[in-house]
Amino acid sequence: MHRKSGTGIRVALAVALFLLVWVGGSQAQEYPKGPVQIVIPFAPGGSTDIFWRGISEHMAKSVGGQIALVNKAGGGGIVGTSFVVNSKPDGYTLLSANSDPLNIAPLFTPDAPYDAEKDVTFIAKLAVFPFAITVRADAPFKTLEDLVAYAKANPKKLKSAVAGVGTTPHMINEMFNRDAKVEITPVPFAGGGECVPALLGGHVDMTVLSIAPVKAQVLSGKVRVLALFSPTRFRDFPQIPTVAEKGYKTSNIATGIGLGGPKGLPPAIVKKWEDAAAKTMKEPKVIEIVDKLEGLIIDFKNGEGYRKEVLTDLATFKPIVPTLTGKK
Amino acid sequence: MEILNQLLFGFSVALQPMNLIYCFFGVLVGTLIGVLPGVGPAAALSLLLPVTFHVPPVSTIILLAGITYGAMYGGSTTSILVNIPGEAASVVTCLDGYQMARNGRAGPALGIAAFASFIAGTITVFILVFLAPTLANAALKFGPPEYFALMVLGLSIMVYLARGSIINALIIVCFGLILGTIGLDPMVGVPRFVYRINTLMDGVGLVQVVIGLFGVSEVLINVERTFKQEIFKTKVKGLLPNRQDWRQSIGPIGRGSMLGFFLGIIPGMSVVIPTFVSYVIEKKLSKHPEKFGSGAIEGVAGPEAANNAASTGTLVPMLSLGIPTGASTALLLGALMIHGIRPGPLLIQDAPEIFWGVVASLYVGNIMLLVLNLPLIGLWVKILKIPYHFLFSLILLLCIVGSYITNNNPYDVIIMVTFGLVGYLMKKFDYEAAPLVLALVLGPMMETALRRSLVISDGGFAIFFTRPISASFLIVALLVLLSPLVLKKKRLREDLRAAE
């Protein structure tokens, strides 16, 4: 009787274990001997999470091992990142090294638990999330010049929805203000999913937003993209310029998504993953998946290149943050 | 007529054997996920996402939508049986569902939850078909000022949640609102009450608070009492709701469905709020409001309908505008995009088999959920016969596992345990937990809505009164707050007259 009645809970526990450990078989070889845990410092369902779920199979094949993706969300990515930074540098705990928990979130956190310069091993940069200045189709601004001219004539009048305080689009908005000498007021919303309705409903004038949520609206003719913050033009919007092309170079920043680990990671392991990442991001199947996710552009860089980029942006953002939080 | 034809076409897609299997699998996984506290549907969707790359697109969304629904239903199971809400959306179900189980009526409570979910699913799928595009555009009218006004209205009805002292309820509401201010300031990014604990940067986790307040505190209270398990053993009477139950539940189910659906459409509205609103409305409308909180079936039926309806509602902005309104819908969107399908205004034209297939499968999923869950009720109820010393250890284990796996963060377990103790003390001193949960949900939303509105209006408060939707919510809130004064006087007068 009792044995039977416990079935439900036992099934539930089995599922719990299944969720905790998503492990396939492992092959006998040098490294990796078991599954490598890649910590995604964001919740399931975010763009980073979806990106990794899309490519992990191919990445695992390139490196010749198993990958277990683990979400450790919290503190704008700080919780997951600091978990990896403090783990053993044995190559079995790696990090989805997004640029924002490395060069933005620590600036908003008193006593940030790590220093991107000293505590992180950068393995590779895989892709970027470009951002776009988007307005409603019925807005009077046809080009970026129109928008800047209006913003100059009407300081603080334009309201721009950004996906949360201390995020890349928030920083971009502030950087662009300095770059173009305008005052566009950022209005932080909880994520991109709330920015689009705010724009479509006419509650804000513009939004600085990643491309994926915008694209469906562009196709249905509801919004217009004026400019991109991106290293290159976007395949699907070849006619849209980047802000750098319009002369605003310092604000041309996109969120990087890469691979990293704790400091002291053996060079052989770093090399193995760097090569695997380079190979993966060239695979036609991966290129196809990333294309379909629409918000991303593949932007491979080696560890050193990514490290330089993250630290340069960190230096740029550092003086801005205190002016935002009121601690001048 | 055209729509009906297309719907039939949708059914022909959804009823293909392979799709039925995917649907069943989705609903099953969803139910199990829902039963486990802490594991939301988003975590399960995310795990299964790579699998769906190898599955045709219609089947993908059928599978993933099945999980979302199943989780909504499964969440109520633990609420009713052991007072742990599987999801935050099932907190309200604890209030009367668990009391029903204590009275030996776990079967009818589980049964009505299943039927309420099913009926809500049926009603809302049809509204979805006929009104989705119109509704999605109407929902866009909700900007920050409208949210703020709606939250004020939400707070003003909160006192009706209270079973005992209204003063105690208000104290708890304030406590909840204060807890809601913990974390990174949402507008300028200053950390508040974080005390250098990085986990608190995002605020106190709702799931952890809920598991602690309900699950752990219930175990602690029960351990203290002499064991009276005979209640459960002897009086498990009837596994299904009887005629009387149905008569009482059908109204709440209808109202809960409508309410849940329309609130669910509004982007950013959580599935939690409709359940509370439904509960309060049923309590107000009931002829025996005093029974609420001690096992009124209406208090299970309404909110359970509301949470299922709300999860259909959240699909409206995704399917018709291509806007994901939460983690689960974002994953659905991602899964579709990898298959090269972009939900949005053009979905019905570009990929009719997807749109109509999905709509039909929502309905099929609801039927399957019912078929799956009714036989399980007998099994679930037997869990209550497990001796307490085993059952309690299991419940505590579930609470700990559940609070950990939300973010895989050990600090979350500490938060959960802390709130378990807080919840224990609150029970001891006769403070209720439900208003705290609602305040914790509403508080941060209200704060950000207020501050966003003020940024948009350059600091002017007129924005709340010049916009018609916002103004009417505020007026209703005022009426709700003032009505007891007027009604009380009237009742007093009547009592006096009767006395003469």
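The values are calculated or read from the model by the stated rules, or taken from the named source; none is laboratory data. All values derive from a computational prediction rather than experimental measurement. Quick reminder, even Gly has a Cβ in these numbers, built from the backbone with ideal geometry, and neighbours come from all protein chains shown.
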Among the residues of region A:111-142, count how many are β-branched (Val, Ile, Thr) and in contact with a Pro (Cβ under 9 Å, 6 or more places away or on another chain). 3
Exception for B:Pro133 within (1) within 30 Å of B:Ile469 (Cα to Cα); (2) away from chain A (no Cβ under 14 Å) falls at (2)
Search region B:103-153 for residues being among the small types (Gly, Ala, Ser) and within 30 Å of B:Asp458 (Cβ to Cβ), and hand back the single one that is modelled with the highest pLDDT. B:Ala149
Members of region B:26-59 found to be closer than 26 Å to A:Gln66 by Cα and in a loop (DSSP other than H, G, I, E, B), listed by number: B:Val39, B:Gly40, B:Phe53, B:His54, B:Val55, B:Pro56
Test result for A:Leu259, touching a Cys at 6+ places or on another chain (Cβ under 6 Å), within 24 Å of A:Asn98 (Cβ to Cβ) and not aromatic (Phe, Trp, Tyr): no
Filter pass, B:Ala139 being within 9 Å of chain A (Cβ to nearest Cβ) and under 21 Å from the mean Cα position of the chain (by Cα): yes
Any helices (runs of 4 or more DSSP H) falling wholly within region B:303-400 and containing at least 1 residues that are farther than 22 Å from A:Ala190 by Cβ: B:327-338, B:347-350, B:352-383
Is at least one residue of region B:410-426 within 14 Å of chain A (Cβ to nearest Cβ), in contact with a Gly (Cβ under 7 Å, 6 or more places away or on another chain) and either touching a residue at least 60 places away in the same chain (Cβ under 8 Å) or among the hydrophobic types (A, V, I, L, M, F, W, C) (or both)? yes
Suppose we keep only residues that are of a type in the set (Gly, Ala, Ser) and more than 13 Å from B:Thr68 (Cβ to Cβ) within region B:11-34. Which one would you say is surrounded by the fewest Cβ atoms within 10 Å (Cβ to Cβ)? B:Ser12
Step by step: first the residues of region A:199-255, then only those that are away from chain B (no Cβ under 14 Å) and among the charged types (D, E, K, R), then the one that is surrounded by the most Cβ atoms within 10 Å (Cβ to Cβ). Which residue is that? A:Arg224
Unmet requirement for B:Glu290, which otherwise passes all of (1) surrounded by fewer than 24 Cβ atoms within 10 Å (Cβ to Cβ); (2) in a helix (DSSP H, G or I); (3) touching a residue at least 60 places away in the same chain (Cβ under 8 Å): (3)
Name the single residue, out of those in region A:180-212 being out of contact with any strand residue (DSSP E or B) (no Cβ under 9 Å at 6 or more places or on another chain) and part of a loop (DSSP other than H, G, I, E, B), that is nearest to B:Gly183 (Cα to Cα). A:Ala190
What's the number of the only condition in (1) hydroxyl-bearing (Ser, Thr, Tyr); (2) outside the structural domain of A:Phe51 (by TED's automatic domain parsing); (3) in a helix (DSSP H, G or I) that A:Tyr248 fails to meet? (3)
What residue, among those in region B:344-356 that are under 28 Å from the mean Cα position of the chain (by Cα) and at the interface with another protein chain (Cβ under 7 Å from one of its Cβ atoms), is modelled with the lowest pLDDT? B:Pro345
Considering region A:54-89, residues that are among the polar types (S, T, N, Q) and under 22 Å from B:Leu49 (Cβ atoms), and then whichever is surrounded by the most Cβ atoms within 10 Å (Cβ to Cβ), we arrive at A:Asn71
Within region A:218-269, can you find the residues that are farther than 25 Å from A:Gly54 by Cβ and aromatic (Phe, Trp, Tyr)? A:Tyr248
Suppose we filter A:Gly264, A:Gly295 for residues that are closer than 17 Å to A:Glu117 by Cβ and in contact (Cβ under 8 Å) with a residue 12 or more places away in the chain; which single one remains? A:Gly264
Subset of region A:165-184, residues in contact with a helix residue (DSSP H, G or I) (Cβ under 6 Å, 6 or more places away or on another chain) and among the β-branched types (Val, Ile, Thr), comes to A:Thr168, A:Val182, A:Ile184
Suppose the filter is closer than 25 Å to A:Met171 by Cα, in contact with a Gly (Cβ under 9 Å, 6 or more places away or on another chain), of a type in the set (Val, Ile, Thr) and not in a helix (DSSP H, G or I); does A:Val39 pass it? yes
Answer yes if at least one residue in region A:279-287 is in a helix (DSSP H, G or I), under 17 Å from the mean Cα position of the chain (by Cα) and away from chain B (no Cβ under 14 Å), and no otherwise. no
State whether one or more residues within region A:258-271 are closer than 30 Å to A:Val165 by Cβ, away from chain B (no Cβ under 14 Å) and surrounded by fewer than 21 Cβ atoms within 10 Å (Cβ to Cβ). yes
For region A:54-163, give me every one of the helices (runs of 4 or more DSSP H) that falls completely inside it and has 2 or more residues that are more than 14 Å from chain B (Cβ to nearest Cβ), among the hydrophobic types (A, V, I, L, M, F, W, C) and more than 24 Å from A:Lys318 (Cβ to Cβ). A:144-153
Criterion first (assigned to a helix (DSSP H, G or I) and within 14 Å of chain B (Cβ to nearest Cβ)) does A:Asn177 satisfy it? no
Please determine, by comparing only the residues of region B:189-219 that are touching a strand residue (DSSP E or B) at 6+ places or on another chain (Cβ under 6 Å) and outside any helix (DSSP H, G or I), which one is nearest to the other protein chains (Cβ to nearest Cβ). B:Pro191
Can you tell me which residues in region B:318-342 are of a type outside the set (Gly, Ala, Ser) and facing another protein chain (nearest Cβ under 7 Å)? B:Ile323, B:Pro324, B:Thr325, B:Leu331, B:Met337, B:Ile338, B:Arg342
Given the conditions (1) at pLDDT 95 or above; (2) not assigned by TED's automatic domain parsing to the domain that holds A:Gly305, and given that A:Ala212 satisfies all but one, which numbered condition is not satisfied? (1)
